[in-house]
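The values are calculated or read from the model by the stated rules, or taken from the named source; none is laboratory data. Fair warning: this is a prediction, and the values are worked out from it, not measured in the lab. Glycine also receives a Cβ, built like all others from the backbone with ideal geometry; neighbour counts cover every protein chain displayed.
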Amino acid sequence: MLALDTATPAVTAGVVDLTEDGARLLAQRVTVNAKAHGELLTPHLAEALAEAGHALSDLDAVVCGSGPGPFTGLRVGLVTAAALGQVLNRPVYPVPTPDAIALDARTGAPLLVATDARRKEVYWAAYDAAGRRTDGPHVDRPADVPAKLPAVAHAAGEGARIYADVLGLPVVDAVYPSPTSLVAAAAEELLAKARPAALTPLYLRRPDAVEPTGRKRVTR
Amino acid sequence: MTDRLILGIESSCDETGVGIVRLGPDGALELLADQVASSVEEHARFGGVVPEVASRAHLEAMVPTMRRAVEEAGVELSDVDAIAVTAGPGLAGALLVGVSAAKAYAAALGKPLYGVNHLAGHVAADTLQHGPLPARCVALLVSGGHSQLLLVEGLAEKITELGSTVDDAAGEAYDKVARLLDLPYPGGPPIDRLAKTGDGCAIAFPRGLTGPRDAKYDFSFSGLKTSVARWVERRERAGEEVPLADVAASFQEAVADVLTAKAIRACQDLGVDTLVISGGVAANSRLSGLAAERCAAAGIELRVPRPRLCTDNGAMIAALGAHLVAAGAPPSPLDLSTVPGLPVGTVQLF
Ligand SMILES: [Zn+2]
């Protein structure tokens, strides 16, 4: 499996071996640079494959984080995954990015995953003790999250770290989604060779655009 | 050497374009596919291109447009020999979708990637219809996003900017004036239609930057737009009817007059006998009509590609890629960046 994610400042590409026994990392390339998704993702996946000793044609499927995440970077992963899937004729499975972070956290207790949505907001989702999503993903101001949040023990993700004082939850060390957890989050579908869901990004926000009202006056 | 297939991907503004061109051993180009998905209707109610709306549409359209292009060409993706993509100039988020896709296609196919200049692509589009360009020509690029006068001394070798707009692009002026006259977006086609029933000499709108001390090859359309607005509002305030067709025709006359006068002056100053006009506004009937008249009078050969090739498309990017491949240019690296403000002199990005 090839796992990609560009919904956080991390540019993530990894090659993962998936069996009934679980997901095992073969190689990965991760760079934390919110401005470099477009530049680095394809070189990263090529390097990870080379280190794993595989060619793109060896892949059985591609897994890609579907966000939510700041729009510009988010699309890099999805369009890359879609194009690879088209050429290789392999299925591409979208995985909500916080689902993978929740698996990385492995706390065994209910959990909040909050990532940085910029504009002083977070994308957040809640998980039960088994790592199943129970709420979200949503986008909110950090101060508004506690009132909407089911009871959780910990928080993970970069948003949890940045707004730790506002959220008031102990922060566990799972910040960006790992390739292994991206694959693990889709393991059931991957192993069953299920028909993948549509490769649609979780934007959660509408585009900033204002409809003009009446004729635009150029003079006073 | 045998034929090579060059794929072109364009996503710098609101059109997702994929084109496929066959490059013959003699350098001849044959257009095999030209597929475009446009998000223009989604922008219409905003009166201009909304970058985030365009970027979202590119992501949705990329794979389906690629599929249609491959079908139209009757080839397999694995037959493609090189991939060219617009790396700039354009909207940052929009460019990123096309470049990211192009990298993935290049990596998956194991074929070289060429990150190229959108503006040079507009000039290259003409070679798909009229064959190779002469050693030197002047190109006038006019669209909603650009208004530029270029000296082209080889598509793969040297493109120099002679002048450009100092404010609005010509197409932008059309959009703004259309809104003023309650015409739909984009403004080019409705103004062109309305102008045909009006008198272009009815109102003497100003010709920007045409004074003796003004930059010879630069354009300015902002003053023209303001002057049209003032004229219309003065009429309305006086309770008089606004002769819409005359306003449209007179505005269009001012735009066409300045563009063609400066382009022909550049040809004459530089001793160039070929003028290429490309970009979305090249389809404007008065611009092409006046250019034909003035070129004929000045003994200049005018080349205007058909409208479909003038607007943003993947075929022009494939054509430019083919010129680079034919010239033996090295491919761009897979960590290629997008450059929203890419200057026209940089034909290929590394
Ligand atoms: Zn253009």
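For the stretch B:45-64, check the following and say yes or no: at least one residue is within 23 Å of residue B:143 (Cα to Cα), more than 21 Å from the chain's Cα centre (by Cα) and of a type in the set (A, V, I, L, M, F, W, C). Yes, the stretch B:45-64 contains a residue that is within 23 Å of residue B:143 (Cα to Cα), more than 21 Å from the chain's Cα centre (by Cα) and of a type in the set (A, V, I, L, M, F, W, C). Screening the candidates B:87, B:82, B:92, B:169 for the property of being within 16 Å of the ligand (Cβ to nearest atom), away from every other protein chain (no Cβ under 13 Å) and among the small types (Gly, Ala, Ser) yields one hit, B:169.
Would you point out which residue out of B:256, B:261, B:266, B:249 is in contact (Cβ under 8 Å) with a residue 60 or more places away in the chain and assigned to a helix (DSSP H, G or I)?
B:266
Checking the condition surrounded by 24 or more Cβ atoms within 10 Å (Cβ to Cβ) and either within 15 Å of the ligand (Cβ to nearest atom) or modelled with pLDDT of 95 or more (or both), which residue from B:287, B:270, B:302 passes? Among B:287, B:270, B:302, only B:287 is surrounded by 24 or more Cβ atoms within 10 Å (Cβ to Cβ) and either within 15 Å of the ligand (Cβ to nearest atom) or modelled with pLDDT of 95 or more (or both).
Residues that are within 13 Å of the ligand (Cβ to nearest atom) and assigned to a strand (DSSP E or B) within the stretch B:110-139 comprise B:116, B:117, B:139, listed in sequence order. Identification of helices (runs of 4 or more DSSP H) wholly contained in the stretch A:105-220 with 2 or more residues that are crowded, with 17+ Cβ neighbours inside 10 Å and among the β-branched types (Val, Ile, Thr) yields A:179-185. In the stretch B:47-64, the qualifying residues are those that are within 8 Å of another protein chain (Cβ to nearest Cβ) and not in a helix (DSSP H, G or I), and the one that is surrounded by the fewest Cβ atoms within 10 Å (Cβ to Cβ) is B:47. With the structure loaded, tell me whether residue B:22 is touching an Asp or Glu at 6+ places or on another chain (Cβ under 7 Å) and among the charged types (D, E, K, R) or whether it fails that test. So residue B:22 passes the test.
Kindly establish whether residue B:156 is of a type in the set (A, V, I, L, M) and in a helix (DSSP H, G or I). When the stated conditions are applied, residue B:156 does not pass them.
Residues are listed down the side, and each one gets a yes or a no for (1) crowded, with 21+ Cβ neighbours inside 10 Å; (2) basic (Lys, Arg); (3) touching a strand residue (DSSP E or B) at 6+ places or on another chain (Cβ under 8 Å):
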| position | (1), (2), (3) |
| --- | --- |
| B:25 | no, no, no |
| B:35 | yes, no, yes |
| B:45 | no, yes, no |
| B:68 | no, yes, yes |
| B:79 | no, no, yes |
| B:82 | yes, no, yes |
| B:86 | yes, no, yes |
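Within the stretch A:65-101, being in a helix (DSSP H, G or I), modelled with pLDDT of 95 or more and hydroxyl-bearing (Ser, Thr, Tyr) holds for A:80, A:97.
Here are B:193, B:179: which of them is out of contact with any Leu (no Cβ under 8 Å at 6 or more places or on another chain), more than 16 Å from the ligand (Cβ to nearest atom) and at pLDDT below 95? Please lay out each step first, then the result.
Working: B:193 fails: at pLDDT below 95.
Result of the check over B:193, B:179: B:179.
Would you be able to say whether some residue in the stretch B:310-325 is touching a residue at least 40 places away in the same chain (Cβ under 8 Å), more than 23 Å from residue B:169 (Cβ to Cβ) and either over 20 Å from the mean Cα position of the chain (by Cα) or not in a helix (DSSP H, G or I) (or both)? There is at least one residue in the stretch B:310-325 that is touching a residue at least 40 places away in the same chain (Cβ under 8 Å), more than 23 Å from residue B:169 (Cβ to Cβ) and either over 20 Å from the mean Cα position of the chain (by Cα) or not in a helix (DSSP H, G or I) (or both).
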